[in-house]
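Below: the structure, in C-alpha cells.
The values are calculated or read from the model by the stated rules, or taken from the named source; none is laboratory data. Please read these numbers as outputs of a predicted model, since none were measured by experiment. With ideal geometry, Cβ positions are generated from the backbone for all residues, glycine too; neighbour counts draw on all protein chains shown. Accessible surface areas use protein heavy atoms only, side chains included; no ligands, DNA or RNA. Shrake-Rupley method; radii C 1.70, N 1.55, O 1.52, S 1.80 Å.
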Amino acid sequence: MTDPLADIVTLLQPDAAYSKLVSGAGRWRVGRSVDGVPFYCVILEGSCRLEMNGNAPILLQADDFVLVPELYDFATSSLEPPPPGVPNSMPVALAPGRFHVGEEGAPTDVQMLVGHCSFGSPDADLLVSLLPNLVLVRGERRLSTLVKLVREESREQRPARDLVLARLLEVLLIEALRSTNAAAETAGLVRGLADTRLSVALRQMHESPEKPWTVAQLATAAALSRSAFFDRFSRIVGVAPMEYLLSWRMALAKNMLRQKGGGVAKVAERVGYGSASAFSVAFTRYVGLPPTQYANGQAARDSA
C-alpha cells in the first residue's frame with residue numbers, strides 16, 4: 001500500500017542548501033531570524049539550549065535530532081547562557097564549514113551539525129503544512145549517521161552528487177518524521193498516520209486518488225461513523241477529509257503536469273475527475289491558472 005509520508009517527502013524535492021559543524025565552549029549565545037527555511041540540527045557531543053519560533057527553550061543532548069520544516073527565528077546557547085544584555089557571540093570560522101562560538105581555548109562543551117535545506121516543489125507550503133511544526137528525536141544514531149553522510153556528500157564534488165544528496169535528504173526526513181512521537185501535539189499528516197483508524201483512510205486516499213471518495217466511504221474504511229470520522233480527521237490532520245483529498249489530488253496533478261505525465265484528460269482521470277473539463281474548472285479554481293497554461297508556464301521556467 002502507498003506510504004503517504006514517503007509521497008509527501010518525495011514531492012517536496014528536498015535539496016541540501018547549507019550545513020556547518022559548530023563547537024561551543026564557555027558561556028555563549030547566538031541567534032538570528034530567517035525566512036521560513038527548513039532547519040535541522042544534530043548534537044554530536046555535549047549539550048546546549050535551543051529556542052525556535054518563540055517556543056520555550058529545549059535542552060539538547062548528544063544524538064538528539066531537531067527538524068523544523070519552517071524556521072523563522074532561533075537562538076542557541078550554552079546550558080548557562082550569558083547574562084541579559086550581553087551581546088550575542090560571533091562565530092569564528094576555523095575552516096570551511098567549521099565554526100566555534102564562545103571562549104577560545106576553553107574545553108568544548110558541545111559539537112553540533114546544523115544546516116538548512118530547501119524544498120524544490122512549488123507546493124512546498126501545502127506539503128509543509130501537513131508536517132509537524134517541530135520534530136525532536138532523541139538517541140537515534142541512524143539519524144546522526146544520515147546527517148553526517150549529508151554533510152560529507154555536500155562537501156565533495158563526486159559524480160552523481162546531487163542525486164545522492166536528494167536521496168539522502170529524503171531518507172533523513174522520512175526517518176526523522178517516523179521516529180518521533182512529538183507529532184502527537186501537532187495536527188498534520190504524521191499525527192494522522194499515527195492514528196490507527198485515520199491511517200487506513202489516509203493510505204487509501206494516497207493509493208487511489210482516482211476513486212470518487214466520499215466522507216461516508218472513508219469513514220467506513222476507518223471503521224468510524226461519518227460524523228465521528230469527520231470530526232476526528234479535522235482535529236488530528238488539521239483539515240477536513242475532502243479538503244485534504246483535494247489538496248493531495250491537486251499536488252499530484254501539478255506534479256504530473258510539470259513532468260508532462262500525459263495530457264489534461266489523462267491527468268484528470270488519474271486524480272479522480274470524470275472529464276477534462278471538470279478537472280480544468282477545479283484546477284483553475286484551486287491554482288489560479290488553467291492546467292495547460294500552468295504546464296506551459298512551468299516548461300518555460302524550466303528551460304529558462
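Some notes on this structure:
- Taking every Cα-Cα distance in the stretch 219-286 and sorting them into 10 Å bins from zero, the calculated P(r) comes out as 20, 41, 26, 13 percent.
- Computed from label points 7 Å out along Cα-Cβ, the spacing between Val92 and Arg158 is 3.3 nm.
- Three semi-axes of the equivalent ellipsoid, the chain, Cα gyration tensor, whole Å, largest first: 40, 23, 16
- Legend: Rg and Dmax of the stretch 1-160, from Cα coordinates, 16.3, 55 Å.
- Rolling a 1.4 Å probe over the protein heavy atoms of the chain, with every protein chain left in place, gives an accessible area that is 51 percent carbon and sulfur.
- Acute angle (nearest 10 degrees) that the helix 226-237 long axis makes with the longest principal axis of the chain, alpha-carbon atoms: 30 degrees
- Length released on extending from Thr108 to Arg141, taking residue separation times 0.36 nm less the Cα-Cα span: 9.8 nm
- Among 205-213, 168-176, sorting by the average number of other beta carbon atoms lying within 10 angstrom of each residue, highest first, gives 168-176, 205-213.
- Among Ser89, Ser144, Ser19, the largest mean-square fluctuation in a Gaussian network model of the chain, built with springs joining Cα atoms closer than 10 Å, belongs to Ser89.
- Two-decimal log10 I(q)/I(0) for the stretch 100-166, as the Debye equation yields it once each C-alpha is a single scatterer, q = 0.12, 0.14, 0.18 Å⁻¹: -0.53, -0.70, -1.01
- In the full protein context, the stretch 191-247 carries 46 Å² of accessible surface per residue, based on a 1.4 Å probe and ignoring ligands, DNA and RNA.
- Averaging 1/r over each pair of different alpha-carbon atoms in the stretch 116-266 and inverting the result gives 17.4 Å, the Kirkwood hydrodynamic radius.
- Placing R0 at 41 angstrom, the Cβ-Cβ distance between Lys148 and Val281 gives a FRET efficiency of 0.25 after rounding to 0.05.
- 3J(HN,Hα) along the stretch 163-169, derived from phi through the Karplus expression 6.51 cos²θ - 1.76 cosθ + 1.60 where θ = phi - 60°, amounts to 5, 5, 4, 4, 5, 4, 5 Hz, with x in place of Gly and Pro.
- Per-residue ellipticity at 222 nm from helix content only, as computed over the chain with -39500 (n - 2.57) for each DSSP H run of at least four residues, stands at -13500 deg cm²/dmol.
- Distance (nanometres) between label positions extended 7 Å along Cα→Cβ at Glu210 and His116: 4.1 nm
- Modelled label positions at Leu289 and Ala75, each set 7 Å beyond Cα in the direction of Cβ, lie 4.2 nm from each other.
- 0 to 90° range, to nearest 10: angle between helix 291-303 axis and the chain longest Cα axis: 40 degrees
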